[in-house]
Amino acid sequence: MRAVIQRVSRASVAVEGKVISSIDKGLLILLGVENIDNQEDIDWLSRKIINLRIFNDVEGVMNKSLLDVNGNVIVVSQFTLHAATKKGNRPSYIKAAKPDIAIPLYEQFIKKLEETIGKTVGTGIFGADMKVDLLNDGPVTIIIDTQRKE
């Protein structure tokens, strides 16, 4: 799994002009699923994201986690995170999992986050043409890949 994590002051996802998810302070997570991903990746990634100390304390130092600040989360599936661009100019998405593999893992990841933070996680609609709006706070943007554990 590959995730782009953005600390946001606010974020929302719209499909066909209708806002389907919105949050205030928290994280917008763009999630790409690979064919080789499994429950171990879900567990590791969700734990890592929830415990990242990327929110400011009273002194303005990034010392607090999502749990510490009672932050919210939106997760949006994004297969393009697995784009291979080595050859030519048209990205290849061969490593991105097909929907029959990606959807269950995406849903399990969301469920794991919800269980841990104790609140509903906002989502996009898998495979839909989505419009994601966000106000990146910082800006703070972190990329994590479970295959590299970084």
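Every residue in the range 91-102 that is part of a helix (DSSP H, G or I) and free of Cβ contacts under 8 Å to residues at least 24 places away in the same chain, please. Before you say what the answer is, go through the steps one by one.
Applying the first criterion (part of a helix (DSSP H, G or I)) to the range 91-102 yields 99-102.
Across the range 91-102, the qualifying residue is only D100.
Are any of the residues in the range 14-34 open to solvent by less than 30 Å² (accessible area, probe 1.4 Å), in contact (Cβ under 8 Å) with a residue 60 or more places away in the chain, β-branched (V, I, T) and more than 20 Å from A128 (Cα to Cα)?
Within the range 14-34, not a single residue is open to solvent by less than 30 Å² (accessible area, probe 1.4 Å), in contact (Cβ under 8 Å) with a residue 60 or more places away in the chain, β-branched (V, I, T) and more than 20 Å from A128 (Cα to Cα).
Take the conditions polar (S, T, N, Q) and within 21 Å of K112 (Cα to Cα) and apply them to N89. Does it pass?
Numbers: polar (S, T, N, Q): yes; within 21 Å of K112 (Cα to Cα): no.
Against the criterion (polar (S, T, N, Q) and within 21 Å of K112 (Cα to Cα)), N89 does not qualify.
Restricting to the range 1-27, give me the number of residues that are out of contact with any helix residue (DSSP H, G or I) (no Cβ under 7 Å at 6 or more places or on another chain), assigned to a strand (DSSP E or B) and basic (K, R).
Here the count works out to 3.
From P99, P104, which residue is within 16 Å of the chain's Cα centre (by Cα) and either more than 17 Å from I50 (Cβ to Cβ) or open to solvent by less than 70 Å² (accessible area, probe 1.4 Å) (or both)?
On the way: P99 fails: within 16 Å of the chain's Cα centre (by Cα).
On inspection, the qualifying residue turns out to be P104.
If we keep just the residues of the range 62-90 that are under 20 Å from D137 (Cβ atoms) and not in a loop (DSSP other than H, G, I, E, B), which is most open to solvent (accessible area, probe 1.4 Å)?
Ranking the qualifying residues of the range 62-90, first place goes to M62.
Quick test for you: out of N56, N72, N136, N89, pick the one residue that is within 18 Å of I5 (Cβ to Cβ) and either acidic (D, E) or over 14 Å from the mean Cα position of the chain (by Cα) (or both). Walk me through it before giving the result.
Values: N72 fails: either acidic (D, E) or over 14 Å from the mean Cα position of the chain (by Cα) (or both); N136 fails: either acidic (D, E) or over 14 Å from the mean Cα position of the chain (by Cα) (or both); N89 fails: within 18 Å of I5 (Cβ to Cβ).
Among N56, N72, N136, N89, only N56 is within 18 Å of I5 (Cβ to Cβ) and either acidic (D, E) or over 14 Å from the mean Cα position of the chain (by Cα) (or both).
Among (1) modelled with pLDDT of 95 or more; (2) over 19 Å from K149 (Cβ atoms); (3) under 13 Å from the mean Cα position of the chain (by Cα), which single condition is I5 missing?
(2)
Would you say K131 is farther than 30 Å from G17 by Cα, touching a residue at least 24 places away in the same chain (Cβ under 8 Å) and either loosely packed, with under 13 Cβ neighbours inside 10 Å or among the charged types (D, E, K, R) (or both)? Walk me through how you get there before you give the answer.
Working: farther than 30 Å from G17 by Cα: no; touching a residue at least 24 places away in the same chain (Cβ under 8 Å): yes; either loosely packed, with under 13 Cβ neighbours inside 10 Å or among the charged types (D, E, K, R) (or both): yes.
No: the conditions fail for K131.
For the range 35-53, name all the residues that are among the hydrophobic types (A, V, I, L, M, F, W, C) and either open to solvent by 80 Å² or more (accessible area, probe 1.4 Å) or touching a Pro at 6+ places or on another chain (Cβ under 7 Å) (or both).
At the first step, the residues of the range 35-53 found to be among the hydrophobic types (A, V, I, L, M, F, W, C) are 36, 42, 44-45, 49-50, 52.
I36, the sole residue that qualifies.
The values are calculated or read from the model by the stated rules, or taken from the named source; none is laboratory data. All figures in this text were calculated on a predicted structure; none of them were measured in a lab. Counting neighbours? That spans all protein chains shown, and the Cβs are built from the backbone with ideal geometry, glycine included. Accessible surface is based on the protein model in full, side chains and every heavy atom, while ligands, DNA and RNA are left aside. Shrake-Rupley method; radii C 1.70, N 1.55, O 1.52, S 1.80 Å.
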